[in-house]
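The values are calculated or read from the model by the stated rules, or taken from the named source; none is laboratory data. What you see is a predicted model, and the numbers here were worked out from it, not measured in a lab. Using ideal geometry, Cβ is built from the backbone for each residue, glycine included, and neighbour counts are taken over all protein chains shown. Heavy atoms of the whole protein, side chains included, go into the accessibility calculation; ligands, DNA and RNA do not. Shrake-Rupley method; radii C 1.70, N 1.55, O 1.52, S 1.80 Å.
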Amino acid sequence: MLVTAEELASLMQQDVDTATATLAIEIATGVVQSAAGQRIIEVVDDEAVIDLDVCDNSLYLPLPERPVTDVTSATVGATVVTDYQAQLQRGRLWRSMGWRSATLPYWNAPSTVTVVYTHGYPVGHQRLQLARSVVFDLAKTGYNTAAGSGAIVSEQIDDYSVRYAEMAATIEAALDPDGPLARALRRQYGRPPGSVKLIAARG
């Protein structure tokens with residue numbers, strides 16, 4: 001998560017229910033990473049399975065998540081390879097023999113490359129500040145909405161409706177691809193256009 005329940009309580013200057021705050025933060029973090037187009041929190045030794053077809057004959061293999069900070073291993077088909085160079089700043093690997101398996105039964109058969117690598121920003125990194133500010137905004141509204149969900153008198157119900165509308169509007173603004181907030185998140189954290197074509201990542 002991009003922030004903690006303790007940090008949210010400090011921002012709101014009140015005690016919070018930890019479970020409710022954590023859920024609000026998890027949802028807010030998911031919204032921010034969805035708007036950014038990728039996971040931005042550091043993941044160590046994540047596994048990405050990259051599908052290649054006959055047209056994928058480049059010597060370069062773009063990795064799905066940025067920034068790339070370390071590459072642990074690369075496997076072409078079922079063969080572990082070490083004859084590659086990692087260009088971390090560009091988020092890709094280079095290999096003189098390319099990335100399609102040499103043991104395919106047919107020349108035009110699909111191939112896979114499995115890469116284990118570390119990506120994203122570690123906790124406390126300065127570049128996470130924009131994402132954290134949005135998460136704080138979403139989580140604060142979400143927490144207040146959840147905390148008021150048991151309201152039964154008219155004033156409380158009206159207040160709950162207002163808070164719910166505020167949360168929905170903030171989420172909508174974050175996810176609107178043409179909105180200024182989503183553009184700012186993509187500009188700060190998104191992958192370069194056309195950097196990756198495919199990808200199924202596990203981890």
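Can you tell me which residue is least open to solvent (accessible area, probe 1.4 Å) among those in segment 41-87 that are closer than 30 Å to residue 176 by Cα and acidic (Asp, Glu)? Here the answer is 46.
When the criteria are applied in full, residue 76 meets the requirement of being of a type in the set (A, V, I, L, M, F, W, C) and over 24 Å from residue 187 (Cα atoms). Only a single item in (1) modelled with pLDDT of 95 or more; (2) open to solvent by 30 Å² or more (accessible area, probe 1.4 Å); (3) farther than 14 Å from residue 59 by Cα is not met by residue 117, and it is number (2).
Taken over segment 1-40, residues that are in contact (Cβ under 8 Å) with a residue 24 or more places away in the chain, open to solvent by 80 Å² or more (accessible area, probe 1.4 Å) and hydroxyl-bearing (Ser, Thr, Tyr) amount to 0.
Based on this model, can you work out whether residue 90 counts as touching a residue at least 60 places away in the same chain (Cβ under 8 Å), open to solvent by 30 Å² or more (accessible area, probe 1.4 Å) and under 18 Å from the mean Cα position of the chain (by Cα)? So residue 90 fails the test.
Could you name every one of the strands (runs of 3 or more DSSP E) located completely within segment 1-117 that has at least 1 residues being out of contact with any Leu (no Cβ under 9 Å at 6 or more places or on another chain)? So that I can check it myself, show each step before the final result.
Details: elements: 43-52, 60-62, 68-76, 79-81, 85-87, 92-94.
Correct list: 43-52, 68-76, 79-81.
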